[in-house]
1. Those residues that are among the aliphatic types (A, V, I, L, M) and touching a His at 6+ places or on another chain (Cβ under 9 Å), I need them from the stretch B:218-250; list them, please.
2. Test of understanding: among B:Gly336, B:Gly325, B:Gly306, which residue is touching a helix residue (DSSP H, G or I) at 6+ places or on another chain (Cβ under 8 Å) and small (Gly, Ala, Ser)?
3. Give me the pairs, please: first residue somewhere in the stretch B:365-376 and more than 8 Å from chain A (Cβ to nearest Cβ), second residue anywhere and in a helix (DSSP H, G or I), beta-carbon distance under 6 Å, and either six or more positions apart or on two chains.
4. Can you give me the number of residues within the stretch B:39-55 that are of a type outside the set (Asp, Glu) and surrounded by fewer than 16 Cβ atoms within 10 Å (Cβ to Cβ)?
5. Determine whether the stretch B:69-83 contains at least one residue that is within 14 Å of chain A (Cβ to nearest Cβ) and crowded, with 19+ Cβ neighbours inside 10 Å.
6. Please pick out the residue among A:Met25, A:Met71, A:Met45 that is within 20 Å of B:Ala367 (Cβ to Cβ) and in contact with a Gly (Cβ under 6 Å, 6 or more places away or on another chain).
7. Residues to consider are A:Glu39, A:Glu55, A:Glu68, A:Glu12; find the one that is within 11 Å of another protein chain (Cβ to nearest Cβ) and out of contact with any strand residue (DSSP E or B) (no Cβ under 8 Å at 6 or more places or on another chain).
8. Which of (1) buried (at least 17 other Cβ atoms within 10 Å of the Cβ); (2) in a helix (DSSP H, G or I); (3) over 22 Å from the mean Cα position of the chain (by Cα); (4) of a type in the set (D, E, K, R) is the odd one out, the single condition B:Arg374 does not satisfy?
Amino acid sequence: MVKVTYVAHDGESTTIDAEEGASVMKTAVSNDVDGIVGECGGSMMCATCHCYVDEAWADKVGTRSDDEDDMLEGATSEVTERSRLSCQIKLTPELDGLVVHLPEDQI
Amino acid sequence: MAGPVVIAGAGQGGLQAAISLRQAGFDGPVTLIGSEPGLPYQRPPLSKAYLKDGDADALALRPQSFFETKDVTYLPETTVTRIDRDAGRVEVTGPAGDSALPYENLVLATGTRNMRPPIEGLEHACDLRTLADARTLRGRLDAPRRIAVIGGGFIGLEFAAVAVKQGHEVAVIEAAPRLMARAVSPLMSNRFATLHRDWGAELFLGQPAVSVDEAGVTLADGTRVPADFVLLAAGVQPNVELAEDAGLETANGIRVDTRLRTSDPAIAALGDCASFPDPRTGRHVRLESVQAATDHARLIAARIAGDDPDGPDYAAVPWFWSDQGDRKLQIAGFAGGPDTTDEAVTENVVARFDAHGLAAVETINAARVHMKVRRMLASGDPIELSLLEELAAA
């Protein structure tokens, strides 16, 4: 299990014991974490699983791909240098304890 | 407490209606009725990722716990057999026998079923619509085969691209003279015809299949396409019978107004089965897409939860996608009118215009352009071809 914490836009935080190998998006959706939609199911077609990786985790998570960058063009909330599509972040043991912040709106 | 909502159909749209009702604070009873076994799941991967990885668990849209924590009653393997509008209830049949469920609001999310064209011997062909279909299909693909796909639309072509990659011999048979004729411009059809041929598929265009047997498919002009496995992917038709029997207006789907109400305001329809006014043209359209299903569901849920007679009309910009091989086809907007004219902006970007202006932009592996166009279409501002040329060149 890998722990991941979602911090909602209103500051409420939810920590989930996630399955190793699952994405940050799928983990949120499977555990009723509101604030991540994941409309296209992780096909990188919708930009409704936008999250901001916590500064402390930025290096470990790594940077977004060009495709991801392109899709974030259509994200509803502000895109920053820490923006990622959470469907593209796979939970590996190295990411145990990961913290992501959720935007105000996904749609 | 608010009166009960019954949702007939547990695909992505039906489930989204339940999710959105609770997110909007709706506190009345919600019942979601689905004809298939298991939890509601995503269909798009059935012709893509699932064919490759076979991971059915990954398809579930929500876990079982969702239905408990959100207090949504989910009735799988259950069918609505009749709507009794006078009594305000639906009659259902399922594993627990027959029963009647009262509703204050009914949401029809009955989806579509595969079209069965008049082809002799169709029982030799496999469908690809449900998870059960996809499981069967996967089982049949474990050894190299000669495959004929009847239907050159999104599903048939997505499947063909996966099958060719897996080493099968694949032929695609399309009755129309071009691929994906209902969904994309002739320019895009041609582009994908070239791609599929390059990947190794054989294409038979402009000739409908007339018969299927154990050794292959025969086309109208007598051409014989040998195959030891045949997939039927010849489009779908909306499930409107329930609505029709209840006296609701239907015409290529269950007809709804700008707030997605049927001719009975207590009954809404969404997604693949609904014919709704296109916000851009006012023309009634029926779209087969995740986007329409979920955006419809959100509006209907907000309307029911908010009970606001002057709430917003449905205004979402349509978008579609199809993964074929390593190509990501994305369509922003919807061009369905007979007056459509097309402009090739680049080899991978096609703009479609009609009397109302820009209708849609089709892109291949150009997600940035796609997303920008979605935003531009949502703004409602006029969009000139020159602007698209700038975007595509950036």
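1. Filtering the stretch B:218-250 for residues among the aliphatic types (A, V, I, L, M) gives B:219-220, B:225, B:227, B:230-234, B:236, B:240, B:242-243, B:246, B:248.
Passing the criteria: only B:Val230.
2. Result: B:Gly325 is the single residue among B:Gly336, B:Gly325, B:Gly306 that is touching a helix residue (DSSP H, G or I) at 6+ places or on another chain (Cβ under 8 Å) and small (Gly, Ala, Ser).
3. Pairs that qualify, where the first residue is more than 8 Å from chain A (Cβ to nearest Cβ) and the partner is in a helix (DSSP H, G or I), are B:Val369/B:Leu391; B:Val369/B:Ala392.
4. So the first thing to find is which residues in the stretch B:39-55 are of a type outside the set (Asp, Glu), and the list is B:39-52, B:54.
Subsequent filtering for residues that are surrounded by fewer than 16 Cβ atoms within 10 Å (Cβ to Cβ) retains B:52, B:54.
Residues that pass the stated criteria total 2.
5. Yes, because at least one residue in the stretch B:69-83 is within 14 Å of chain A (Cβ to nearest Cβ) and crowded, with 19+ Cβ neighbours inside 10 Å.
6. Details: A:Met71 fails: in contact with a Gly (Cβ under 6 Å, 6 or more places away or on another chain); A:Met45 fails: in contact with a Gly (Cβ under 6 Å, 6 or more places away or on another chain).
Being within 20 Å of B:Ala367 (Cβ to Cβ) and in contact with a Gly (Cβ under 6 Å, 6 or more places away or on another chain) holds for just one of A:Met25, A:Met71, A:Met45, which is A:Met25.
7. Details: A:Glu55 fails: within 11 Å of another protein chain (Cβ to nearest Cβ); A:Glu68 fails: out of contact with any strand residue (DSSP E or B) (no Cβ under 8 Å at 6 or more places or on another chain); A:Glu12 fails: within 11 Å of another protein chain (Cβ to nearest Cβ).
When all the criteria are applied, what remains is A:Glu39.
8. Of the numbered conditions (1) buried (at least 17 other Cβ atoms within 10 Å of the Cβ); (2) in a helix (DSSP H, G or I); (3) over 22 Å from the mean Cα position of the chain (by Cα); (4) of a type in the set (D, E, K, R), the odd one out for B:Arg374 is (3).
The values are calculated or read from the model by the stated rules, or taken from the named source; none is laboratory data. Since the model is a prediction, treat every value here as computed from it, not as a measurement. In this analysis, Cβ positions are derived from the backbone assuming ideal geometry, glycine residues included, and neighbour counts consider all displayed protein chains.
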